[in-house]
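Structure first, then comments.
Every number in this text was worked out from the coordinates using simple rules, so none of it is lab data. Keep in mind that what you see is a predicted model, and the values were worked out from it rather than measured. Quick reminder, even Gly has a Cβ in these numbers, built from the backbone with ideal geometry, and neighbours come from all protein chains shown.
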Amino acid sequence: MGIKKFIASAKESLGLDRLKISGKKKSLKSLLKKLHIKKVKIEKSLKEKLEKKELKELKEELEIISLQIKKGNKLLDKLNAKSVKNK
């Protein structure tokens, strides 16, 4: 999955439309920060007493966000490696 596709899919699934694309690294870092914030909110919500259906949906969303964070970190590492290589 390319960087642009990853950013587009994460923005679409999380409703993060206000992301400015001013450089791949900056955009990716901003997106990862928002994903971490969303992950913390979901983890706090999981501690509350919820219905089974809500709990299941939150767990699924948490799993998706965790995977996106993992992929984003890999892409960021690749970008950092390229920028070190080009210097």
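Placing a pseudo-label 7 Å from each Cα along the Cα-to-Cβ vector at Ser13 and Glu57 gives an inter-label distance of 1.7 nm. Couplings for the stretch 40-52, taken from phi via the Karplus curve 6.51 cos²θ - 1.76 cosθ + 1.60 with θ = phi - 60°, read 4, 4, 5, 4, 5, 5, 5, 6, 7, 7, 10, 6, 4 Hz in order; Gly and Pro are left as x.
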